[in-house]
Structures are given as C-alpha cells and as structure tokens.
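S.K.: Take this structure, written in structure tokens, and hold onto it; I'll ask about it next.
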Amino acid sequence: MRVITDIRGSGPNLRVLVLLCLIVILGSALRFYGLDRESLWTDELATWHTGSRESVSEVLSVVYDGGEGSHPPGYYVFMHFWQQLFGDSEWVLRFPAALAGVLTIPAVFLLGRRLYSDREGLIAAALTAVMWAPVYYSQEARMYSPLILFAVLTALFWLEVRRGLEEGRFPRGAAAGYALSAAVAAYLHYFGLYLVAMQGIWMLLLFAFRGRALLRVFALYGSVVLLYLPWARQTAERLLFGSNQPIAWLDRPDAGRPLEFLEFLFGRSEMIATAVLALLGFLLLRALYDGARGFAGGEGADVRGFLASPGVLLALWLAVPFAGAYVLSLLGDPVLLFRTLLISAPAAYLLTARALARLPLPAGAQAAATAAAAALLVLHLVFSMDYYSEPDKHQYREAVAYMAGNTPVPEETVVVGCGYRLDYLEYYFRREGLPLKFAHRACSGEHLPGAMEAISERNPRCVWYVRAHMRPNWRVIGSLAKEFELERVHRKKFKGVEVWIFRSERLPGDLAGERGSPGKPG
C-alpha cells in the first residue's frame, strides 16, 4: 500500500480513505451495539441526577457543593441541555459518549498522519477503534470519552500552532481551535486541565528564547485562561486547598501500577501489554540507533529538534500524566485512577502504531499483520472478555425490577439500605412506574434511629433493603427485622448490588400467597 507522508500537500489517497471509513464503521458498530444493554451504574446515575436539575445554576451548585465537586462542570452543563432536549433513557444518556468515541477514531488518524504518515494514522485509528478502554468508556454516560476526543483535538491544534510559530507566523485559525479545545478539555475534567498545562509548559520551553513567538505563546494561553476564568476559583479550592474529601477507596500505588495501566489501555491483557512493551522497546532502540548514526555522521546535537520530535512528544504525553498522578498519590491523597488518565491513551496507540510501522517488514506484510491484529483484538473483546455477554456495571436496573416483580403492592414499601447515593435508585423507580423514594441509609448503628423512624412513619407492608459498594453491619438488618417483626422472603445478588425483600408480620395478608410461592425464605 502506497503511503503519502507529506501531510502539507494533498490529502490522503482513495485507498487510505476507504480503509479509514472501514475502521470508523467497525468502531461505530462496537460502540453503538448494545449501548443500553447494561444498567446505569452509580457514576452514570450521578450524570443523570446532576444534569436533571431545573436550571444551569442548580447544576453548578450541585457540582460545586454536592458530590460531583471532584469534576469541573462542563460535562454536566452539556448533559443538562441534552436531557432537556432528548430525554434521559439509558441510550440517550450514553449517546454523546458513543458519538465522541466514534469521532476520536478519525481524529487519531489525522494526528498520526500529522506526526508521521498515513500508515501510522491508520494503525493508531484501528487500535482506537477496537481496544477495550475506548470502547467501554464510549458506552458510559460520563465525560471520559469526550475527554479523549478533546485531548486529541488539542494535540492537533497545538502541533499546527507550533509549526506556524516555527515558520514565523501566527496561525489564527489553529490558535482559536486550540484555545476552544483546550478550554473544553479543562472544563470536562481536571486531568484535561493538567494536559493543557503540560502542553503550555512544553510550548514555553520550545520558544523560550524567541521573543516574538514567546509573546504569541503567552497570548494563546492567556486566551485559554480567560475562557477558564469562570471556574478558576473553584479549581483553586479543589486542587490547592483540598476543599473536597479524598477518594476513600483508592490505595497508594505500588511498583506494579505502570504495567497495570498499560494493561488497562490494551485490553486488560497482560499478554497484549507485554507485546506492546516489546514494541516500544524496539522503537526506543531504533530511535537510539538513528540518533547515533546522525551524530556519527556529523549532524551534531539538535536539542530543539529532539524536544519537538514526534517520539519525544508522544512519550511525554504518555508518561507525564501518569508520573504526576503516581507521585502525588505517594506524597499525598491517592489520585491515581486509570480512567482519568485516558487523556494519554491516544499517545499509547500512536507510539504502538509507530513501532509497528517501523518493523522491518514489506508494506504488504505490515498491512496484513495490522489487519490480523485488529481482528484478534475484536475477538479478544467479544469472546475472551465476554464484553457484550457478561455484565460489567452495577445492576441497579435488574435489582429494582426484581424487587418490584416480587412484591405484591410495591407502592406500600419503604426502601432503606447501605451504599453510596442510593437515592439514585429513584431513576429506576420512576422507569418501573413506582412512586418510591429512598428513605434512609442503614449501614451501621448510628443510622438505626433514622431508618427506624422512616419505617415507622409509613407503616409499610414491605421493606426493601439494598446494599451496594459498602458492607453493612449485619446486626443492623437484624435489628430492623426484630423491631418491626419483618420476615425475609427474598434475597438476591446482582452484579455490584444485593437486595432483600421483607414483609411486615404486623399487617394482614400473606405476601408469598398473594404473589404465588416465592420459594423458601432465605
């Protein structure tokens, strides 16, 4: 396959466009197939809960004062308008992430073409299309898939601005595109802001001693700061003064986390991650060899050229966000969460694509090997990982449907339990047509008085107890059962959720008899 390497000339040839379209179609199928097959889990329900506020000011208040203070407000404001326009079904809530995931595929191709050639662009696009992480987060109603897209867009515009400054001009269109993309990335997630800051520091280093270009760099990032200024104070409080609680369930990282992160990016597979490490090692050796040859040939050391080289830029893009989160997690509160580091996924796929393109193989063999690898990765996703057949998210939908289907009069029910934000269950209560709300938390002894009061006020025929995320003090359930003479008639475990159905023996009527025999009380 002939590859066009001069991206400043004509566009990609017809064969390249056909291959790219096939890759985009494959990536679209993987992202939109079964988009609503799984229940919304806690974080996605947080998206719905925050976006469903009546006004933007309420959304901002929830983000700043509520449980979503660990993120900037951009995604939630967007989802507020999205839900007002299109509703809040599972498919609708996940559609923006899926669309962003599809758009990321051609964006990665353009970035690979900008850095290297069409060949690297196509390989990186194929990896983006079929790898588990981009597919999974394209099917989740969260900000991570749009974050990957805007990380790629900022890189594309950043490279164009850098090229213009090197040529002594200021590309206003690219600068405007960069400022807008950078602001969106920063409003989507604080790690988006981290990436933009990293790009700004590198741009300053490249043009530190070029007066006019340096002034233009300051002007460019000044515009980004102005766009982000409305959320600057809240960001300072969050990042500098620790206005929110640390993530309690995160542990301090150990020496194995870098490899685990690579496995996360490459199909949750140690074998694939090991193969990628070997390819990256090969790429490093080739780079060292080429550098040594150039130095021996009298070319000398070109520090600026080295700092601006595609390999160095991609290596920094991959390593620095992880290294920063790793060090911060060792020195302070743990913040190393793999999904927040998806900003580096495009760099990992582009470096892998470059390594594959530099293998000493004929062009036809490279194309065949790439196609075979993509096919194997799809098979790994579908069959080895059982991606479309086994649940991976908490099954709130199934739990609520089970409780509703095994209770004769669900309207005369009180819901208590132990978990994080179980009031989000009201999304599925509404979808089941149940006029219910989560009454009270009941995890430990300190919650017992409030839970007992909530049950006493309603004198229900049934009590639902739901456990998710957390393990309750089992004596709490026993105390509730004893206090209100509750008899357990159903108990069932789902992915990430466990439910109990109790009937009150103080009221007439046989719960089991009214619905048919439910089996022996567990």
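S.K.: Provide, for q = 0.19 Å⁻¹, the log10 of I(q)/I(0) from a solvent-free Debye sum over equal Cα point scatterers in segment 464-507.
M.R.: Taking Cα atoms of segment 464-507 as identical point scatterers yields -0.59.
S.K.: Turning to a different aspect of this structure: If R₀ is 45 angstrom, what is the calculated FRET efficiency for the pair residue 225 and residue 446, using the beta carbon separation as r and rounding to 0.05? Spell out each step's value before the answer.
M.R.: Working: r = 45 Å, r/R0 = 1.01.
The formula returns an efficiency of 0.50 here.
S.K.: Please compute the alpha carbon radius of gyration of segment 58-191, then divide it by the globular-protein estimate 2.2 N^0.38 Å. Two decimals is fine.
M.R.: Output field value: 1.17.
S.K.: For the chain, count the residues as N, evaluate 2.2 N^0.38 Å, and divide the Cα radius of gyration by that value, please.
M.R.: Numbers: Rg = 26.6 Å, N = 522, 2.2 N^0.38 = 23.7 Å.
The chain yields a ratio of 1.12.
S.K.: With an 8 Å Cα cut-off and a minimum separation of 6 or more residues, compute the relative contact order for segment 14-384 in percent. Don't jump to the answer; show the numbers that get you there.
M.R.: On the way: 426 pairs, mean separation 70.5, N = 371.
Relative contact order comes out at 19 percent.
S.K.: Roughly what would the spin-label model give for residue 58 and residue 331, points 7 Å off Cα along C-beta, in nm?
M.R.: Computed distance between label sites residue 58 and residue 331 equals 4.2 nm.
S.K.: On a 0 to 90 degree scale, rounded to 10, what angle separates helix 270-296 from the longest Cα axis of the chain?
M.R.: Roughly 20 degrees between the two axes.
S.K.: While we're looking at this one, here's another question. For segment 221-237, take each phi angle, set θ = phi - 60°, evaluate the Karplus expression 6.51 cos²θ - 1.76 cosθ + 1.60, and give the result in whole Hz per residue in order, putting x for glycine and proline.
M.R.: Result, rounded to whole Hz: 6, x, 5, 5, 4, 4, 5, 8, 3, x, 10, 5, 5, 5, 5, 4, 5.
S.K.: Okay, next question. First check a/c for segment 415-475, with a ≥ b ≥ c the square roots of the eigenvalues of its C-alpha gyration tensor; if it is under 1.5, answer rounded, and if not, answer prolate when a/b is larger than b/c or oblate otherwise.
M.R.: oblate
S.K.: Ok, one more. Please determine, in degrees from 0 to 90 and to the nearest 10, the orientation of helix 90-115 with respect to the longest principal axis defined by the Cα atoms of the chain, where the helix direction is its Cα long axis.
M.R.: Helix 90-115 and the main axis of the chain meet at about 10 degrees.
S.K.: Mind ranking 469-479, 307-317, 44-54 by how tightly packed they are, going by the mean number of other C-beta atoms within 10 angstrom, highest first?
M.R.: Output ranking for 469-479, 307-317, 44-54: 44-54, 307-317, 469-479.
S.K.: Ok, one more. Give the separation of the Cα centroids, segment 149-219 to segment 379-397, in Å.
M.R.: So the two Cα centres are separated by 39 Å.
S.K.: What is segment 396-515 by shape, rounded, prolate or oblate, if you read a ≥ b ≥ c off the alpha carbon gyration tensor as root eigenvalues and call it rounded for a/c under 1.5, prolate for a/b larger than b/c, and oblate otherwise? It would help to have the intermediate numbers written out before the result.
M.R.: Values: a/c = 1.42, a/b = 1.03, b/c = 1.38.
It is rounded, given that a/c, with a ≥ b ≥ c, falls under 1.5.
S.K.: Next question. Relative to the first principal axis of the alpha-carbon coordinates of the chain, what is the inclination of helix 42-51, with its axis defined by its Cα atoms, in degrees from 0 to 90 and to the nearest 10?
M.R.: Helix 42-51 and the main axis of the chain meet at about 90 degrees.
S.K.: What number, rounded to the nearest 500 deg cm²/dmol, is the helix-based mean residue ellipticity at 222 nm of the chain, given -39500 (n - 2.57) per DSSP H run of at least four residues and division by all its residues?
M.R.: On the way: 23 runs with 316 residues, N = 522.
Mean residue ellipticity, 222 nm, calculated: -19500 deg cm²/dmol.
A short reminder: the numbers here are calculations on the coordinates, not readings from a lab. Note that the structure is a prediction, hence the values are computed from the model and not measured. FYI the Cβ positions are ideal-geometry reconstructions off the backbone, even for glycines, and counts take in every protein chain you see.
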